[in-house]
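Below is one structure, written out as structure tokens, with a few remarks after it.
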Amino acid sequence: MLIEIHARLDCFVMLSDVEIPLNSARFLDPDEPLTQFNVACSYSILGDLDAVLDTLEHAVPRCGPELVTWTRHDSDFDPLRNHPRFQEILEAIG
């Protein structure tokens, strides 16, 4: 995803420039777990931890085993590892 590439390269990215595409993806396909997972990763890279948690709370119950594993181990979520809401999400998926 282009947004992730810019964020990972520490390029100057205005949050307002990416909010519309992320919100569009988040709301146009709200029941597609992979889309929601990627939106959550993008929000994490951008530092919007509340949006990450909101997206994961909605998406994770619909995830298959592969996305559950990714949620547990994806480095994009490292800033959330000790966050109580993230821990609750992990506990909920078992």
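The values are calculated or read from the model by the stated rules, or taken from the named source; none is laboratory data. No experiment lies behind these values; they were computed from the predicted model shown. For neighbour counting, all protein chains shown are included, and Cβ atoms are generated from backbone atoms with ideal geometry for every residue, glycine included.
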ask   = Identify, please: which residue in the stretch 71-94 is aliphatic (A, V, I, L, M) and surrounded by 12 or more Cβ atoms within 10 Å (Cβ to Cβ) and is, among those, farthest from ASP54 (Cα to Cα)?
value = ILE93
note = Counting only helices (runs of 4 or more DSSP H) wholly inside the stretch 28-94, the ones holding at least 3 residues that are among the β-branched types (Val, Ile, Thr) are 33-46, 65-73
message = Please determine whether any residue of the stretch 12-24 is part of a helix (DSSP H, G or I), buried (at least 16 other Cβ atoms within 10 Å of the Cβ), at pLDDT below 85 and not charged (D, E, K, R).
response = yes
task = Any chance you could count how many residues in the stretch 47-72 are at pLDDT below 85 and either at positive phi or over 11 Å from the mean Cα position of the chain (by Cα) (or both)?
result = 8
